[in-house]
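See structure below.
The values are calculated or read from the model by the stated rules, or taken from the named source; none is laboratory data. No experiment lies behind these values; they were computed from the predicted model shown. Because the Cβ atoms are built from the backbone with ideal geometry, glycine has one as well, and the counts that use them run over all protein chains shown. The protein model used for the area step is the full one, side chains on, heavy atoms only, and it has no ligands, DNA or RNA in it. Shrake-Rupley method; radii C 1.70, N 1.55, O 1.52, S 1.80 Å.
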Amino acid sequence: MSAIHKPRGKWLAALCLLPFALFFFAFQVAPLIWVALNSLNTPDGWGLGNFEKAFASKFYMQAVKFSLQIAFWSSVFGMLIAIIGSYSLRQVDSKLRDFVIAFSNMTSNFAGVPLAFAFIILLGFNGALTLLLIQAGLIDSFNLYSKNGLIVLYTYFQIPLGVLLLYPAFDALRQDWRESAALLGAGTWAFWRHIGLPVLTPALLGTFVILLANALGAYATVYYLTTGNFNVLPIRIAAMISGDISLDPNMASALAMILVGLMAAITLVHQLLLRRSYHVPR
């Protein structure tokens with residue numbers, strides 16, 4: 001009887017997944033295929049001309065460079081703060097912990113025009129925090145609209161996402177492991193080196209890749225902050241799709257595929273490092 005119902009259960013499960021599969025194809029696979037095909041469409045016919053033009057252009061390569069630099073450093077700083085915050089949350093009162101988690105959940109969606117406006121008020125040329133730091137003699141000036149300013153801005157919205165992703169990972173560290181290590185003479189550094197970090201490595205690598213993707217694809221905040229004048233890939237792609245002067249959807253598709261390629265390369269490196277972390281001798 002169970003053998004008869006087992007295939008029926010599989011077909012029912014597959015049928016329930018059908019709407020998800022259709023939506024995934026319609027909004028993920030099909031647009032990617034469309035962008036990939038358009039990236040190969042040049043005025044001279046089908047070919048790699050758009051990619052050759054992109055890689056030969058210092059302007060487009062500067063956009064790639066700035067995108068990677070901002071994404072990398074904001075992810076690093078966001079990760080470091082999120083690791084400290086997530087670990088600290090395990091040690092505090094449950095009410096405070098719940099409040100911080102709820103606040104992180106809310107601020108992880110705080111982006112676009114409100115975030116740009118908030119940072120202009122705080123850290124613009126005449127921002128409240130900027131003027132206070134200058135009067136205190138801690139800084140001479142601060143340019144929010146530069147690469148370093150964007151790294152600070154990106155780091156802000158990376159932190160709550162990092163906390164939400166890393167906080168559950170610390171549940172894997174059991175208190176009796178620390179106690180056993182202490183009984184065997186292992187100090188704090190030895191515990192984290194041989195037990196803590198190896199256990200957390202998959203979560204740390206996965207979170208770092210998600211933060212990179214989050215920063216590489218960010219558009220609304222940097223657009224409204226710099227009015228589209230800062231040279232990063234999402235800004236260049238959008239300008240070629242909606243711009244009246246530089247309208248070139250095929251080149252925009254090529255730049256989008258370069259962005260996809262960067263994420264694919266990062267994901268591949270992540271998988272290789274993850275595989276190595278599982279085979280490190282304990």
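Among Phe77, Ala169, Thr227, which residue has its Cα positioned farthest towards the positive end of the charge dipole of the chain, with +1 placed on the Cβ of Lys and Arg, -1 on the Cβ of Asp and Glu, and the dipole taken about the Cα centre?
Projecting each Cα onto the dipole axis, the largest value belongs to Ala169.
Tell me, what % of the accessible area of the chain is carbon and sulfur with a 1.4 angstrom probe? Walk me through the intermediate numbers first.
Numbers: 12010 of 17320 Å².
Reported share for carbon and sulfur atoms: 69 percent.
First check a/c for the stretch 1-118, with a ≥ b ≥ c the square roots of the eigenvalues of its C-alpha gyration tensor; if it is under 1.5, answer rounded, and if not, answer prolate when a/b is larger than b/c or oblate otherwise. Provide the component values of the computation, followed by the final result.
Numbers: a/c = 2.81, a/b = 1.06, b/c = 2.64.
Oblate, because a/c is 1.5 or more while a/b does not exceed b/c.
Would you please name the chymotrypsin sites (Phe, Trp or Tyr not before Pro) within the stretch 112-159 that are DSSP coil residues with at most 13 other C-beta atoms within 10 Å of their C-beta? Before the final figure, lay out each step's value.
On the way: sites: Phe117, Phe119, Phe125, Phe142, Tyr145, Tyr154, Tyr156, Phe157; in loops: Phe125, Phe142, Tyr145.
Answer by residue number: Phe125.
Stretch Ala21-Thr188 to full length: gain in nm at 0.36 nm per residue minus the Cα-Cα span? Kindly include the intermediate steps, with their values, before the conclusion.
Values: separation 167, 0.36 × 167 = 60.12 nm, distance 4.72 nm.
Taking 0.36 nm per residue and subtracting the Cα distance, the gain is 55.4 nm.
Put +1 on the Cβ of every Lys and Arg and -1 on every Asp and Glu Cβ in the stretch 36-97; which of Ala56, Ala36, Gln91 then has its Cα farthest towards the positive end of the dipole?
Gln91
Probe of 1.4 angstrom, ligands and nucleic acids ignored: what's the accessible area per residue over the chain, in square angstrom?
Working: 17320 Å² over 282 residues.
Using a 1.4 Å probe on heavy atoms only, each residue of the chain averages 61 Å².
Quick query: amide H of Thr42 versus all other amide H atoms, modeled in the peptide plane; which residues come in under 5 Å with a sequence gap of 5 or more or a different chain?
Residues meeting the criterion, in which the H sits 1.01 Å from N, are Gly47.
What full-extension length gain, to one decimal in nm, is calculated for Ile241 and Phe99 as 0.36 nm per residue of separation minus the Cα-Cα distance? Don't jump to the answer; show the numbers that get you there.
Numbers: separation 142, 0.36 × 142 = 51.12 nm, distance 4.17 nm.
Stretched out fully, the Ile241 to Phe99 stretch lengthens by 47.0 nm.
With the cut-off at 1.5 for a/c, could you classify the stretch 49-133 from its C-alpha gyration tensor as rounded, prolate or oblate? All intermediate terms of the calculation are to be shown ahead of the outcome.
Numbers: a/c = 2.74, a/b = 1.71, b/c = 1.60.
Cα axes put the stretch 49-133 in the prolate bin.
Provide the per-residue ³J(HN,Hα) series for the stretch 62-73, in order, calculated from phi with Karplus coefficients 6.51, -1.76, 1.60 and θ = phi - 60°, each as a whole number of Hz, with x at glycine and proline positions.
My calculation for the stretch 62-73 gives 5, 4, 5, 4, 5, 4, 5, 5, 5, 5, 5, 5 Hz in order.
What is the count of Lys pairs in the chain whose alpha carbons sit under 29 Å apart, if the two are 8 or more places apart or on different chains? Can you show the working numbers first?
Working: Lys53/Lys65; Lys53/Lys147; Lys58/Lys147; Lys65/Lys147.
The number of close lysine pairs in the chain is 4.
Karplus couplings for the stretch 43-53 from phi (6.51 cos²θ - 1.76 cosθ + 1.60, θ = phi - 60°), rounded to Hz, Gly and Pro as x?
x, 8, x, 7, x, 9, x, 5, 5, 4, 5
Gap in Å between the Cα centre of the stretch 184-230 and the Cα centre of the stretch 47-90?
Taking the Cα centre of the stretch 184-230 as reference, the centre of the stretch 47-90 is 12 Å away.
Could I have the simple spin-label model distance between Phe117 and Glu179, label points 7 Å from Cα toward Cβ, reported in nm to one decimal?
Those two pseudo-labels are separated by 5.3 nm.
Taking the Cα centre of the chain as origin, sum charge times position over the Cβ atoms of Lys and Arg (+1) and Asp and Glu (-1), and report the length of that vector in debye to the nearest 20. List each step's numbers first, then the result.
Numbers: 17 positive and 10 negative charges, 176 e Å.
Dipole of the chain, to the nearest 20 debye: 840 debye.
At a Förster distance of 35 Å, what's the computed FRET efficiency of Leu131 paired with Ala265, Cβ-Cβ distance as r, to 0.05?
On the way: r = 42 Å, r/R0 = 1.21.
Once the sixth-power term is evaluated, E becomes 0.25.
Once you order the gyration tensor axes a ≥ b ≥ c over the Cα atoms, which shape class does the stretch 157-282 get: rounded for a/c under 1.5, otherwise prolate or oblate by comparing a/b with b/c? Please list the in-between numbers first.
Values: a/c = 4.96, a/b = 2.64, b/c = 1.88.
Verdict is prolate for the stretch 157-282.
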